[in-house]
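The values are calculated or read from the model by the stated rules, or taken from the named source; none is laboratory data. Treat the numbers as computed from the prediction; the structure is a model and nothing was measured. Cβ sites come from the backbone with ideal geometry, for glycine too, and all protein chains shown count toward neighbours. The accessibility values were calculated without ligands, DNA or RNA, using every heavy atom of the protein model including side chains. Shrake-Rupley method; radii C 1.70, N 1.55, O 1.52, S 1.80 Å.
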Amino acid sequence: MAPAVKDLGLLTDAEFADQVLSWDGKNVIDVGCSEGSFTKLLVARGAKVIGVEPDKTAMAANLAAPQVPNLSFVEAGADKLPVADASMDIVVFKFSLHHVPADLHAAAFQEASRVLNPGGALLVLEPVAEGNFHYVMSPFHDEEAVRRTAQESLVRHAEPLFEPQQVFRYETRRGFASYDAFVDFFRSKLSFNHFTIEDVMNEETKKRFHEHEPTDGTVVLTQPVKADLYAKKA
């Protein structure tokens with residue numbers, strides 16, 4: 001029987017991380033870490049983290065950034081994690097599973113199981129195709145289908161290897177001072193998505209952005225998040 005969904009309300013990613021697991025002293029691999037923001041957040045909580053990212057542009061930026069103790073980055077895909085068997089305490093997918101090609105989902109979860117020590121945790125966070133952030137973004141970047149496939153893969157490929165522990169839902173908010181700031185947010189995401197900056201700057205997206213009244217000069221967009229926590233099966 002699947003765990004009931006625990007709604008945590010409005011949280012930052014940092015607040016969610018503090019509630020879901022203890023990170024201090026843990027060996028963690030962040031799969032599909034992108035620019036490493038969540039990766040660094042976990043290091044700040046005492047974890048030793050390897051950020052894995054297949055996109056060359058994102059990885060080059062990570063490697064060029066100032067080094068942080070207990071943090072390393074490796075260019076690799078989810079289906080070929082560059083760590084030894086049973087060497088990790090926690091495997092994280094933060095908004096990355098839906099970017100993994102669907103035909104590699106089974107291999108990705110097999111790799112997660114391989115690298116986790118007995119009883120290790122798998123945490124999969126995925127954006128929900130709801131909220132006004134998705135509404136504004138969807139004319140150029142509608143991820144509803146790939147996000148649905150990711151959720152289906154949790155049942156088909158993760159649950160045979162992992163025991164479901166808890167399902168969480170929370171909502172994040174991101175503020176934009178202007179439509180130009182919204183466009184700039186997506187400039188760093190071009191290399192691992194299938195849109196161009198010209199796609200972002202379409203009239204329908206601009207119209208949808210301006211439908212939202214600013215608060216103190218900032219347009220606030222919401223993104224619901226679903227997070228599935230698993231334990232590796234014996």
Residue match in the range 140-157 (condition: at pLDDT 95 or above, open to solvent by 60 Å² or more (accessible area, probe 1.4 Å) and touching a Pro at 6+ places or on another chain (Cβ under 8 Å)): no
Residue under evaluation A78, criteria (1) of a type in the set (A, V, I, L, M); (2) touching a strand residue (DSSP E or B) at 6+ places or on another chain (Cβ under 6 Å); (3) in contact (Cβ under 8 Å) with a residue 60 or more places away in the chain, criterion not met: (3)
Enumeration of residues in the range 81-100 that are touching a Lys or Arg at 6+ places or on another chain (Cβ under 8 Å) and more than 12 Å from G120 (Cβ to Cβ): L81, H98
Residue list for the range 6-39, filter: hydroxyl-bearing (S, T, Y) and part of a loop (DSSP other than H, G, I, E, B): T12, S22, S34
Selection count, the range 113-156, where residues are aliphatic (A, V, I, L, M) and under 30 Å from E204 (Cα atoms): 8
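Would it be correct to say that L42 is closer than 27 Å to L221 by Cα and either open to solvent by less than 50 Å² (accessible area, probe 1.4 Å) or part of a helix (DSSP H, G or I) (or both)? Please lay out each step first, then the result.
Working: closer than 27 Å to L221 by Cα: yes; either open to solvent by less than 50 Å² (accessible area, probe 1.4 Å) or part of a helix (DSSP H, G or I) (or both): yes.
When the stated conditions are applied, L42 passes them.
Quick check, is V115 buried (at least 18 other Cβ atoms within 10 Å of the Cβ), farther than 27 Å from T12 by Cβ and in contact (Cβ under 8 Å) with a residue 12 or more places away in the chain? Walk me through it before giving the result.
Numbers: buried (at least 18 other Cβ atoms within 10 Å of the Cβ): yes; farther than 27 Å from T12 by Cβ: yes; in contact (Cβ under 8 Å) with a residue 12 or more places away in the chain: yes.
Criteria met by V115.
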Residues being open to solvent by 20 Å² or more (accessible area, probe 1.4 Å), more than 16 Å from R148 (Cα to Cα), of a type outside the set (D, E) and in contact with a helix residue (DSSP H, G or I) (Cβ under 8 Å, 6 or more places away or on another chain) - total across the range 82-106: 4
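Would you mention how many residues in the range 167-177 are open to solvent by 50 Å² or more (accessible area, probe 1.4 Å) and of a type in the set (S, T, N, Q)? If you could, list the steps in order and put the result at the bottom.
Of the residues in the range 167-177, the ones open to solvent by 50 Å² or more (accessible area, probe 1.4 Å) are 169, 171, 173-174, 177.
Then keep just the ones that are of a type in the set (S, T, N, Q); that gives none.
Of the residues in the range 167-177, 0 are open to solvent by 50 Å² or more (accessible area, probe 1.4 Å) and of a type in the set (S, T, N, Q).
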Per-region count, the range 184-228, residues open to solvent by 20 Å² or more (accessible area, probe 1.4 Å) and closer than 30 Å to N117 by Cβ: 2
Some residue of the range 29-36 being farther than 24 Å from L154 by Cα, in contact with a Gly (Cβ under 7 Å, 6 or more places away or on another chain) and either of a type in the set (K, R) or open to solvent by 20 Å² or more (accessible area, probe 1.4 Å) (or both): no
